[in-house]
């Protein structure tokens, strides 16, 4: 069977990002026919509609990467009850110019981890609203609002025992969602 490529967009730039660890840990729970590829967003210029006709190489690379994948995984922290600016900037670049969005129709999921007891619930809801506007079919259930605490990750940055069964169940649902939509 051919590999199913998933574009992983992590909304955190921090070197020791919990969300990057979550993205890497989730990929290890996926079946072998799923390949998770992290999309670089840290070097994108601020979106400016004036640049739509001649996007810079970094924007062309982003769009090309999204086009080459069959599915999307957004892993976002929560900044001030919403998504980080760097994530919104990447979404805007890849959705423009109007009518030429590379996100359209790609099956997606949204997850996140935070030190807050509410996890990234507000950020995820805002992101889901954006994705709905871009015609991105997004997995609704199960939702993944994770509080980072001792044991979430092992010393090898794998998913810890306490969360593994829940996140494996989530991954199984995500895999089925992607396969249903491609």
- Residue list for the range 4-39, filter: closer than 14 Å to residue 168 by Cα and assigned to a helix (DSSP H, G or I): 22, 23, 24, 25, 26, 27
- Quick check, is residue 44 closer than 18 Å to residue 108 by Cβ and either in a strand (DSSP E or B) or out of contact with any strand residue (DSSP E or B) (no Cβ under 7 Å at 6 or more places or on another chain) (or both)? no
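Is it the case that residue 65 is assigned to a helix (DSSP H, G or I), in contact (Cβ under 8 Å) with a residue 40 or more places away in the chain, surrounded by 14 or more Cβ atoms within 10 Å (Cβ to Cβ) and in contact with a strand residue (DSSP E or B) (Cβ under 9 Å, 6 or more places away or on another chain)?
In short, yes.
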- Quick check: is even one residue across the range 137-144 modelled with pLDDT under 95, under 23 Å from residue 35 (Cβ atoms) and crowded, with 17+ Cβ neighbours inside 10 Å? yes
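Which is surrounded by fewer than 18 Cβ atoms within 10 Å (Cβ to Cβ) and within 24 Å of residue 129 (Cβ to Cβ), of 84, 97, 31?
Working: 84 fails: surrounded by fewer than 18 Cβ atoms within 10 Å (Cβ to Cβ); 31 fails: within 24 Å of residue 129 (Cβ to Cβ).
So the residue among 84, 97, 31 that is surrounded by fewer than 18 Cβ atoms within 10 Å (Cβ to Cβ) and within 24 Å of residue 129 (Cβ to Cβ) is 97.
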- What single numbered condition from (1) over 16 Å from residue 37 (Cα atoms); (2) part of a helix (DSSP H, G or I); (3) touching a residue at least 24 places away in the same chain (Cβ under 8 Å); (4) under 13 Å from the mean Cα position of the chain (by Cα) fails to hold for residue 94? (4)
- Could you tell me which of the residues 28, 20 is out of contact with any helix residue (DSSP H, G or I) (no Cβ under 8 Å at 6 or more places or on another chain) and under 22 Å from residue 122 (Cβ atoms)? 20
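I'd like to know if the range 120-135 contains one or more residues that are modelled with pLDDT under 95 and either touching a strand residue (DSSP E or B) at 6+ places or on another chain (Cβ under 8 Å) or farther than 20 Å from residue 19 by Cβ (or both). Step through it out loud before you land on a result.
Taking the range 120-135 first, the residues modelled with pLDDT under 95 are none.
The answer is no, given that none of the residues of the range 120-135 is modelled with pLDDT under 95 and either touching a strand residue (DSSP E or B) at 6+ places or on another chain (Cβ under 8 Å) or farther than 20 Å from residue 19 by Cβ (or both).
Search the range 34-51 for residues being over 12 Å from residue 90 (Cα atoms) and surrounded by fewer than 11 Cβ atoms within 10 Å (Cβ to Cβ), and hand back the single one that is nearest to the chain's Cα centre (by Cα). It would help to see each step written out before you state the result.
From the range 34-51, those over 12 Å from residue 90 (Cα atoms) are 34-38, 49-51; that's our starting set.
Now drop any that are not surrounded by fewer than 11 Cβ atoms within 10 Å (Cβ to Cβ), which leaves 49-50.
Working: 49: 24, 50: 27 Å.
So the residue we want is 49.
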- Filter result for residue 55 (farther than 27 Å from residue 143 by Cβ and buried (at least 17 other Cβ atoms within 10 Å of the Cβ)): yes
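The values are calculated or read from the model by the stated rules, or taken from the named source; none is laboratory data. As the structure is a prediction and not an experimental result, all values here were calculated from the model. Neighbour counts run over all protein chains shown; Cβ positions are idealised from the backbone, glycine included.
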